[in-house]
């Protein structure tokens, strides 16, 4: 392109002569989709924050709920497993961006290697989440007592992390001895959590947990599916024929977004 | 020659680079990875030790949310290559989202949050007001 032509372009301004964003349609619309998706997740997490403050007294402390680690049953290890999950997702984000970088150099072999690593990381994450869910649904050994459709929790000793079986808590308040006796006699044992009941505290915690981590997990799952599709396309040489690997970049944007959402879910669900 | 007289007709190949540039790009990516990993490790450690260290919940909120926004910035800016886009692309992506979120947080905390705290009758704090209030006929 000669210098004179570019002067023409600048003078032409906005008459369809000059692209202001210098990006392809596909990439821009992936960004716009991600913004709308980010707004959805922001709505969910804000609603979670609202409920968490609204029912602060009876909201479960995450470290008393999620303290399991595979092959280390019976130990109190809060945050470690979810920290590992975060590490897996950040790692798969790095392998994804390395695949994008290899695509910029049109190196088919490296794109395939890094994309394969990303798919493995995504599957590991979905598996970890399934394990986390099953632990939450199964619940603790002592459980809680369901009496007249209300949940009475055992008080947890914060030194030993063991439940005190003679002290009951209802809506954040300790229950009197007389009431405790009645509840223990007539109530029934309840373990774990579902959409109606939650042995760890307010039911809203279980509802939000299933809904938000489920929605995020579905994003990871669909991301893995799209990654596999693009992996097969790269394998068949579709991108080579096109002369560029922008599809890898676009699916990379989606994958990083999934990682981004998890960073926020991790903070709001497990740390705060 | 495209009909739009565009100096960059193939946006898809704009981002392509050679081996030398790729080396620099990869170095930057790994740097960001280590940064994210260290921040996450610090967060997990503080999260585990917070009850023993006696850190206040207000401090933890600012600490965790601050670090989360730092992590989000690096993921968007480096991993999603937003830093390499045009200036207007950055504005179009970041500005509307930030505006909506600030408005949402504002309404949640100042608007609805205050209402729920001081007015709603199903809030345990307000049950006294309900009992003393005259009954509707």
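We did not get these values from a lab; they are worked out from the coordinates using the rules stated. The model shown is predicted, which means the values in this text are computed figures rather than measured ones. Cβ coordinates were reconstructed from backbone atoms using ideal geometry, including for glycine residues, and neighbour counts include every protein chain displayed.
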Helical mean residue ellipticity (222 nm; -39500 (n - 2.57) per DSSP H run of 4+; nearest 500) of the protein assembly as shown: -20000 deg cm²/dmol
The range B:49-90 versus the range A:171-200: alpha-carbon centroid distance in Å: 39
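As an exercise, use a Förster radius of 35 Å and the Cβ-Cβ distance of residue A:240 and residue B:38 to find the FRET efficiency, rounded to the nearest 0.05.
My answer for the efficiency is 0.40.
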Three-way shape call for the protein assembly as shown based on the alpha-carbon gyration tensor, with the a/c threshold at 1.5: prolate
Using alpha-carbon coordinates, inclination of helix A:108-138 to the longest axis of chain A, degrees: 20
Average beta-carbon neighbours from other chains, 10 Å sphere, peptide A:99-105: 5
Within the range A:37-67: backbone nitrogen closer than 15 Å to the residue A:150 label point (7 Å, Cα to C-beta): A:58
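Rounded to the nearest 0.05, what FRET efficiency is calculated for residue A:197 and residue A:69 with R0 set to 30 Å and r the Cβ-Cβ distance? Working shown, then result.
Numbers: r = 26 Å, r/R0 = 0.85.
With R0 = 30 Å, the Cβ-Cβ based efficiency is 0.70.
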Distance (nanometres) between label positions extended 7 Å along Cα→Cβ at residue B:45 and residue B:30: 2.3
Cα-based helix-to-principal-axis angle, A:80-104 vs chain A, degrees rounded to 10: 10
Least to most buried among B:29, A:98 (fewest other Cβ within 10 Å first): B:29, A:98
Average beta-carbon neighbours from other chains, 10 Å sphere, peptide B:54-61: 1
The range A:88-153 versus the range A:227-259: alpha-carbon centroid distance in Å: 20
Pair residue A:113, residue A:211: separation of 7 Å Cα→Cβ label points (nm): 4.5
Paramagnetic reach from residue A:138 in the range A:186-205 [backbone N under 17 Å; point 7 Å along Cα→Cβ]: A:190-194, A:199-200
Point-to-point label distance, residue B:70-residue A:61, nm (Cα→Cβ direction, 7 Å offset): 2.6
